[in-house]
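Peer 1: Structure provided below as structure tokens; questions to follow.
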Amino acid sequence: MLDSCSFFRFIGKPVSCERYGNGHINVTYLVRTDAGRDYIMQKINHRVFRDVPALMRNIHAVTSFLRTKEPEPRRVLTLVETLDGQVYHRDAQGEYWRVYDFITDSLCLDKPEVLEDFYQSAVAFGGFQNQLADFPADTLHETIPHFHDTPDRYLKLRAAIEQDSHGRAHEVQEEIAFALAREQEAATMMNMLRAGELPLRVTHNDTKLNNVMLDKDTRTALCVIDLDTVMPGLAGNDFGDSIRFGASTAAEDERDLGLVTMSLPAYEVYVKGFLSACGKRLTAPEIDTLPMGAKLMTLECGVRFLTDYLSGDTYFAPHRPGHNVDRCRTQFKLVADMEQKWQQMNDIVHNYRENK
Ligand code: ADP
Ligand code: GN1
Ligand code: MG
């Protein structure tokens, strides 16, 4: 892997390059140099992101735009150029590589250790939307078409059930039934968008807690990372994906479903942080759809894991047999729990909207 390093303008000579982090999509390495500098080098998944040059143009444009508003190095991702001044390198095997400055003295959490961590991620993602509100959204390439088009995710699920290419459908009948029972509701947000009731915004689209860096000493938000899916989208979906991941009381792949619930205190803290960081930008119907965003992003993610399981695990890398069905089950458990807590979820949003 050290070979790939030779194409980038590092400060110092790379001395080590090791796998790093818990992402599902790209392959991430930590590169250290003899000048004491650290970098993040990533092999970009071009099976998922079909047009890497366009994706890198998006990231370059967005990070350059954010940089005009924020001079502190650790508060915006900084791309490291190749020796010939490009923002990515394509190797002889056709793989694409990019490098970022390592965000030093930071924390990246898979689970909030204290509620304040989750609040800080809400501030980061709300602030990200706020800062990009005047970015020209129509110049962004759609890096994965139909990414959060939930009805389209259902079409793909139906096709995978029909094909049953790995003979697994009989094992997941309960999960299939759970998903299909909610198919109509799953179209709510997309229907509102098409009817002009929700605005299209520049969104992050993958607002997991582990896509935010916190300062290791102050534990306050530093920077939003993982910008591959920055595209036009819905604010409620950005909110919702955060709840899906960060308000869960267990890991995304927990096998003991008794441990998996949606924490209302965590949800409340996130509502507060998100509305305070981007609230004035949001319309009343957008704010009203935040609980639905949480439910539908969780349902959609479960549908995606289920589809991938049925199709032979070609998208989300499994680390054990049945990993994607385990992931699907946690998502559906969370959806069921949100259905129980639906009234409180709506009350909390209304309460903070009034007090905003
Ligand atoms: P993926 O799309 O595979 O999730 P990410 O871009 O989120 O890839 O990177 C994976 C992990 O690498 C992150 O969760 C984080 O821990 C770490 N990481 C990514 N970029 C940086 C950075 N600039 N500085 C420090 N750590 C980073
Ligand atoms: C993937 O790349 P990562 O691990 O942050 C996925 C998200 C899913 C998430 C589930 C480009 O995110 O959409 O919600 O896994 N990213 C892509 O953990 O598909
Ligand atoms: Mg990530």
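The values are calculated or read from the model by the stated rules, or taken from the named source; none is laboratory data. This one's a predicted model, so the numbers in the text were calculated from it and none came from an experiment. Counting neighbours? That spans all protein chains shown, and the Cβs are built from the backbone with ideal geometry, glycine included. These accessible areas exclude ligands, DNA and RNA; they are computed on the full protein's heavy atoms, side chains included. Shrake-Rupley method; radii C 1.70, N 1.55, O 1.52, S 1.80 Å.
Peer 1: Any residue at all in the range 106-114 that's closer than 30 Å to M41 by Cα, part of a strand (DSSP E or B) and out of contact with any Gly (no Cβ under 8 Å at 6 or more places or on another chain)?
Peer 2: yes
Peer 1: Here's a follow-up. Please determine, by comparing only the residues of the range 18-45 that are among the hydrophobic types (A, V, I, L, M, F, W, C) and surrounded by 17 or more Cβ atoms within 10 Å (Cβ to Cβ), which one is nearest to the chain's Cα centre (by Cα).
Peer 2: The selected residue is I25.
Peer 1: Go through the range 46-78 and give me each residue that's open to solvent by less than 30 Å² (accessible area, probe 1.4 Å) and at pLDDT 95 or above.
Peer 2: Result: F49, V52, A54, L55, M56, N58, I59, V62, T63, L66, V76, L77.
Peer 1: Same structure again: Collect the residues in the range 119-134 that are open to solvent by less than 20 Å² (accessible area, probe 1.4 Å) and either outside the structural domain of A235 (by TED's automatic domain parsing) or not in a helix (DSSP H, G or I) (or both), keeping them in residue-number order.
Peer 2: L132
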